[in-house]
Structure formats: C-alpha cells, structure tokens
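One structure below.
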Amino acid sequence: MQADAYAGFNRLYEAGRKPGPIVGAVCWAHARRKFFDLARINKAPIATEAVERIDVLFAIEREINGMPPQERVHVRHERLEIWLREQRTRVSKNSETGKAIEYSLKRWPSLARFLDNGRLCMSNNAAERELRAVAVGRRNWTFAGSDEGGRRAAAIYTLIATAKLNDVDPQAWLADMLAHLPDHPAKRIHELLPWKWRLQNIGAKAA
C-alpha cells in the first residue's frame, strides 16, 4: 500500500496481522515537504540540498512515467540514504533539520521500495488528488446517512477514481458496465474493470 506515514496505518503493516501484513511504500512527496519547508523558511543548507536531490529523483520519474515496470526499475539508480546518514552526524537530532532527516531514515525501507518495484510511484499524490473530491464534497453533504452508506460511497468513489486514472470516462464506463453486469459471468468480472474496458474499446474502434 502506497501512503503517507499516518500512524493509523501502522496496524496494517504489523507482522501478526491476519491474513498477513500489508507491505508499505512511503510517499516521497511527504518526505520532501519536511525539507522543503525548512529550505523555504529557514534557508537551511542541508534541507536545500535534500530538496535538490529529491527533485532529481522526481525528474527521473517524470521521464520514465508510462514505461513498463521492468524498464522503470532499470532506470532508477539515484539513492539518498548514504548522504542522509552522513548529514545526520552533522546536525543535532533535536534540530528541525535533524528531525526531517530522521523522518526519512526511519522509514527508509518503505521509501526505497519503489526502486525495486516498477509498479510503484515515488509518491501517492495521485491518490491524494482523488481524495480531494471527498474533502470538498463534505461541505455539501455532511453525512453519508449510515455506516453502510459510507462504505457504498467509498466503493463508488474508488470506481470513479480508478476509471479516471485509466483515462476512462467514468460515466460512459459505469453505464456500459452496469448494462452488461446482470448477464456477465461472475468468474469473468475482471473483464469489466476500467483498464480492460478501455483496451476493449480501443480495439473495437481500431477494427
């Protein structure tokens, strides 16, 4: 699961979780933000260099966006860990810069997970952008009506966001999917997922 370091997620990563622990991949945008604030407000040299190094990683990610996972892994070669550990010895662990460094090093295995998994991005910004609609919507509909209503709303939000992330018109996909759903075999339900639906429609148009 790619997410920020929100403590509420910690139980998902515990070794004793049933049926098994979820593997976490921490967001680089959140790690960068701690250095960025120090660089912008305090003009801290180490924080400024940290932002520059992280921005190099994001620049590489922009270049390889859309490539197959194995190619993304091949291109990822820039690392920050050794440099961060060296800088930690130069500052007080109680300083703001020290805390920012510790935030990243404490979560390094999860931050570095994207280097070896081409399916992962450096950040969970895409997911957070989709969640913004929920935050904005709360001003218009304060309550979901019930816990079950909340779960249904979450399911619909997920379907719509997934369609958008796959360059699929949510309304067109939902209309077509719901029309086919009653007669569609349950064991082939994956054929109606947005990315499958998109490929099928591209193929039909080409034909």
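The values are calculated or read from the model by the stated rules, or taken from the named source; none is laboratory data. It should be emphasised that the depicted structure is a prediction, and the values quoted were computed from it without experimental measurement. All Cβ positions, glycine included, derive from the backbone under ideal geometry; neighbour counts span all protein chains shown.
Laid out as a table, the results:
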quantity: Any hit, the range 17-28, residues being part of a helix (DSSP H, G or I) and buried (at least 16 other Cβ atoms within 10 Å of the Cβ); calculated: yes
quantity: Residue match in the range 165-175 (condition: at positive phi, of a type outside the set (G, A, S) and not assigned by TED's automatic domain parsing to the domain that holds E81); calculated: yes
quantity: So R32, is it assigned to a loop (DSSP other than H, G, I, E, B), at pLDDT 90 or above and either closer than 24 Å to L131 by Cβ or touching a Ser or Thr at 6+ places or on another chain (Cβ under 8 Å) (or both); calculated: no
quantity: Members of the range 148-207 found to be of a type in the set (D, E) and within 24 Å of the chain's Cα centre (by Cα), listed by number; calculated: D167, D169
quantity: Wholly within the range 68-161, helices (runs of 4 or more DSSP H) carrying at least 3 residues that are farther than 24 Å from A39 by Cα and either touching a helix residue (DSSP H, G or I) at 6+ places or on another chain (Cβ under 6 Å) or not charged (D, E, K, R) (or both); calculated: 69-75, 125-137
quantity: Scan of the range 149-196 for residues that are aromatic (F, W, Y) and at pLDDT below 90, ordered by number; calculated: Y157, W195
quantity: Those residues of the range 134-148 which are at pLDDT below 85, loosely packed, with under 12 Cβ neighbours inside 10 Å and small (G, A, S), in sequence order; calculated: A135, G145
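Here is a yes/no grid of residues against (1) aliphatic (A, V, I, L, M); (2) in contact (Cβ under 8 Å) with a residue 24 or more places away in the chain:
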{"site": "I54", "(1), (2)": "yes, yes"}
{"site": "F58", "(1), (2)": "no, yes"}
{"site": "G66", "(1), (2)": "no, no"}
{"site": "E86", "(1), (2)": "no, no"}
{"site": "R90", "(1), (2)": "no, yes"}
{"site": "R107", "(1), (2)": "no, yes"}
{"site": "L131", "(1), (2)": "yes, no"}
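One line per residue, one yes/no per condition, for (1) modelled with pLDDT of 85 or more; (2) surrounded by fewer than 16 Cβ atoms within 10 Å (Cβ to Cβ):
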site: V75; (1), (2): no, yes
site: R79; (1), (2): no, yes
site: Q87; (1), (2): yes, no
site: N94; (1), (2): yes, yes
site: A100; (1), (2): yes, no
site: Y103; (1), (2): yes, no
site: R107; (1), (2): yes, no
site: S110; (1), (2): yes, no
site: D116; (1), (2): no, yes
